[in-house]
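Contents: one structure, followed by commentary.
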Amino acid sequence: MELRSLHYFVRIAELGSITRAAAHLHVAQPALTRHIQRLEDELETNLFTRANRGVRLTEGGQKLLESAQRILRDLERAGDEIRAHKAHPSGKIVLAVTPTLCPVVVPDLFARMRRHYPMIELKVVHAGMVRLEEFLVDGRVDMALLSEMSKSRLIRSTRLAEEEMVLVTVPGARPPGIVVSEELSSTPLILGDGLRAAMETLIAGSNIELQVDTELNDHETIRLMVQQGVGSSILPHSSVYRECARGLVEAHRITEQGVFRTLALGVAINRGASSAREAVAEMASQVLSDIEAEGRLHLDFDHRAAA
């Protein structure tokens, strides 16, 4: 039984005339007649009898009218509710973020979500790339901001932006200019295992061999150690943008082409559609787009040596 046929049937019953219903619906009268005939064949009963100036419902037709009107009202109400939910999504979304992206993206994201989508409860957890993928696959989080495109077939990744990885030093530690492969290979570094693995992937095939002197997984502590001249590190540009602007550290481009990581949004492929998740994804994309426009994701020409 087609909904269109029910809709046509209800309109004919309400107007008491196939001719008037055809004019109102802008449908040819023979087409309406065929829809009614199909309904009658399916239900094995006549729905209308001819009257002097139109048609009249039979007993079976009256019963169908009551049910059809209820069905069409319920469908209309459901459609209204779905459209309202899409316009004003609600629910809880758990977002996972890598540690270097968390302080860069999350404060602005929370502010925008509360302003534009106050009915969405946003919870944020942070972990390294490998853990984030595990969280996505086992359903512990709804979505994740990744520091690279996921290679898992169970995760759908959407590219959001490119971010430059830079050598971070105390001011005056080296002359202004690009860090060539030989210099980077001979520079003792303070690096966490996550960033080390990411960098080794990004520079694979080059002549660079990282010399990690100190392994430390707390990025705030790494920045403080660099500021105090304890050593140098490789960090995403956004994580030291403000420190560079204040003259606390200097950021240097690695090789002529630069080294860039891809920031992406990850969702498990078995996740169903969610207007709340789509709203968070849209806001996260806008936040990163604005950060990129401000020049916080990469060095410009004037900042290749020192910000």
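Coordinate-derived values only; no laboratory data. This one's a predicted model, so the numbers in the text were calculated from it and none came from an experiment. Cβ placement follows ideal geometry from the backbone for every residue including glycine, while neighbour counts extend to all protein chains displayed.
Taking every DSSP bridge with both residues inside the chain, close to 60 percent are antiparallel.
Mind putting a number on the dipole of the range 173-279 about its Cα centre? Charges go on the C-beta only, +1 for Lys and Arg and -1 for Asp and Glu, and I need it in Debye to the nearest 20. The partial results should precede the final answer.
Details: 9 positive and 13 negative charges, 98 e Å.
Computed about the Cα centre, the dipole is about 480 debye.
Projected onto the charge dipole of the chain (+1 at Lys/Arg Cβ, -1 at Asp/Glu Cβ, origin at the Cα centre), which of GLY91, ALA51, LEU248 gives the Cα projection farthest towards the positive end? Final value for the positive-end residue is ALA51.
About its Cα centre, how strong a charge dipole does the range 3-86 have in debye, to the nearest 20, once Lys and Arg get +1 and Asp and Glu get -1 at the Cβ?
Around 340 debye, computed over the range 3-86.
The chain: longest stretch without exposed trypsin sites (Lys or Arg not before Pro) (DSSP loop, at most 16 other Cβ within 10 Å), sites themselves excluded?
Working: sites that count: ARG53, ARG140, LYS151, ARG153, ARG246, ARG271.
After excluding every exposed loop site, the longest remaining stretch is 154-245.
Only Cα pairs under 8 Å and at least 6 apart count here; give the relative contact order of the chain as a rounded whole percent. The partial results should precede the final answer.
Values: 484 pairs, mean separation 64.1, N = 307.
Once divided by the residue count of the chain, the mean separation gives 21 percent.
Values (i) 5, 23, 32, 25, 12, 3, 0; (ii) 6, 23, 28, 19, 13, 8, 3, 0; (iii) 6, 21, 21, 13, 10, 9, 8, 8, 4, 1, 0 are given for comparison; P(r) over Cα pairs in 10 Å bins from 0, in percent, derived from the coordinates here, is the one labelled (iii).
So if R0 is 35 Å, what FRET efficiency would GLU183 and GLU220 give, r being the distance between their Cβ atoms, rounded to the nearest 0.05?
Working: r = 26 Å, r/R0 = 0.75.
My answer for the efficiency is 0.85.
Across the range 180-191, computed HN-Hα scalar couplings (Karplus, 6.51 cos²θ - 1.76 cosθ + 1.60, θ = phi - 60°) run 7, 4, 4, 5, 5, 5, 9, 9, x, 10, 9, 9 Hz from first to last residue, x flagging Gly and Pro.
In the chain, taking the dipole from charged Cβ atoms about the Cα centre, the farthest positive-side position among LEU109, HIS7, GLN29 is held by GLN29. Here the dipole of the range 91-303 is about 860 debye; that uses its Cα centre as origin and unit charges on the Cβ of Lys and Arg (positive) and Asp and Glu (negative). Structural descriptor for the range 3-86: relative contact order 28 percent, calculated from alpha carbon pairs under 8 angstrom and at least 6 residues apart. Here's how it looks for HIS298: its modeled amide H is under 5 Å from those of GLU164, which are all 5 or more places away or on a different chain.
Think of the chain as a dipole: +1 on every Lys or Arg Cβ, -1 on every Asp or Glu Cβ, centred on the Cα centre; then among PRO188, HIS126, THR169, HIS126 lies furthest on the positive end. Between the helical axis of 3-15 and the longest alpha-carbon principal axis of the chain there is an angle of about 40 degrees.
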